[in-house]
Amino acid sequence: MSNEESRFTALVNAHANNLYRYAYWLCHDREQSNDLVQETFARAWKSLASLRNDDAAKSWLITILRREHARTFEKKRPQTSDLDYENIIDPEQSYDTSTEAYVLRKALHKIPNDFREPLILQVIHGYSCEEIALMLELSRPAVMTRLFRARTFLRSILVEQQLLDRESA
Amino acid sequence: MNCLQFRQLTVTEPANREKDFLEHQISCQHCQAFARDIRKFDEQLENAAKIPVPNDLVSKILNRQTMSMRRRRSISKQLIPAIAASIIFVTGLTTGLLYHSSPSQSGVEQSGVEQALVTYVNNHQDNHQSTQTVSYTDVSETLSPFGIALTGDLGTVNYAAPCYIRNKMAAHLVLAGERGPVIALFMPDEQLQSKQIFRFGQYIGIIVPCPKGSMALIGFFGEPLADKESRIRNSVTWL
């Protein structure tokens, strides 16, 4: 295996899973997420030489994926529900099946993509507000506003659900 | 920093590490509890958002990359023994006259290529209906394995991918034409000896031999293929 191939394999192993999750929250569809990630790494392979620093690989891959999503899949975004995952749970993968998680996933599907995307980048990928602003080509205050509104909305949904649970208990 | 500012910042960025933020958190018990609550919520959110990943995701990605490398190596081997990528251009005609090549070219060979092109175009109509624009980079990458360097502007390209013509690899582009899509097929392994024009259904096609290979241009009847030929000649270099 050449150095290039080894490097590429390492990138795939390190980032494919979280990239898939990011793709899922962009397009809400498992098949499209799979296709997006496949296409992202295909493009990454072709332009691997342009990646000078492997520490920047994650944000580089996310940028490729976002562009690919905008180019190809945004037009055919389906409406999908959490039931897609509820029915195909792989017992070997940890998957939160609690009511809170179910409620949060449903709510995540509903919030506008403009709010969901920065939240996913922060919560799953651990990016700071400055990094998110760079990746999404927004100002830092805009990112902060979106994060605030996304989290506030989701918390209110969860609190409402918890109140309902108490009432019915 | 006051409590309101702290709480707004906590909801926005729970993992904030700014000095003012951390100092307020230490000094205010109520805000400390608030921050704890938000972080607990974030854990729930993270767990909810981490949906399962297909078990074969990584292997599919790596397999695709391996296949891509093998395909490129195979094309290179075909190009090396004296048949490099070549493009057959046929001067575009609008009169629709159909004629065949000079006697020096085997009629059987040319008619075989022509028939293969007719079959290919008829079987790949979907590719010719694409309205998405292919980037310059993607077009260049499609042509480069065939020894063709993209050096200019081909105009709008709506499709670019390798394909098989008569079981031999070729580069397939679809360009925007005046009357509809114009199909350009670059065939490095088809060394035709003479120009050819042919017509089938609503299409007119031209095949032109070049120093390194041949290429076909196919468009709707009435398409000025000469313009396309000229633009392609000015936009590519055969290596």
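Laboratory data are not the source of any read-out in this text; all were calculated from the coordinates shown. Everything quoted here is computed from the prediction, not taken from an experiment. Glycine also receives a Cβ, built like all others from the backbone with ideal geometry; neighbour counts cover every protein chain displayed.
Label separation (B:E43 vs B:K19): 3.1 nm, computed from points 7 Å beyond Cα along the C-beta direction. Dividing the helix sum by the residues of chain A, where each DSSP H run of 4 or more adds -39500 (n - 2.57), gives a mean residue ellipticity at 222 nm of -23000 deg cm²/dmol. Mind checking the angle between helix A:57-68 and chain A's longest principal axis? C-alpha axes, 0 to 90 degrees, to the nearest 10. Helix A:57-68 sits roughly 80 degrees off the main axis of chain A. B:G152 sits among other residues whose Cβ lies under 15 Å from its own Cβ, and their net charge, with Lys and Arg +1 and Asp and Glu -1, is 0. Kirkwood radius, segment B:1-74, all distinct C-alpha pairs, inverse of mean reciprocal distance: 15.7 Å. Summing +1 for each Lys or Arg and -1 for each Asp or Glu among the other residues whose beta-carbon sits under 12 angstrom from that of A:A49 gives +2.
Put the Cα centre of segment B:144-185 next to the Cα centre of segment B:206-222 and the gap is 11 Å. Overall form of segment B:131-175: oblate. Here a/c, set by the Cα gyration tensor axes a ≥ b ≥ c, is 1.5 or more, and a/b is not larger than b/c. Working note: Cα atoms of chain A, range along each principal axis, descending, whole Å: 62, 40, 29.
In this Cβ point-charge picture (+1 for Lys and Arg, -1 for Asp and Glu), segment B:143-239 has a dipole of about 180 debye about its Cα centre.
Ordered by the number of other Cβ atoms lying within 10 Å of each residue's own Cβ, fewest first, B:M169, B:M1, B:M187, B:M69 fall into the sequence B:M69, B:M1, B:M169, B:M187. Per residue, the convex hull spanned by the alpha carbons of segment A:7-50 comes to 63 Å³. Checking the cross-link pairs B:K60/B:K168; A:K110/B:K19; A:K46/A:K106; A:K106/B:K19; A:K58/B:K168 against a 30 Å limit on the alpha carbon distance flags A:K110/B:K19; A:K46/A:K106; A:K106/B:K19; A:K58/B:K168 as lying beyond it. Any aspartates and glutamates with Cα under 20 Å of the B:K195 Cα? List them, leaving off those in the same chain fewer than 8 positions away. Reachable aspartates and glutamates: B:E109, B:E114, B:E223, B:D227, B:E229. The mean number of partner chain beta-carbon atoms within 10 angstrom of a residue's beta-carbon across peptide B:56-64 is 6. Exposure proxy ranking for B:S140, A:S6, based on other Cβ atoms within 10 angstrom of each Cβ and starting from the fewest, stands as A:S6, B:S140. The alpha-carbon of B:K212 sits under 12 angstrom from the alpha-carbons of these aspartates and glutamates, leaving out residues fewer than 8 places away in its chain: B:D189, B:E190.
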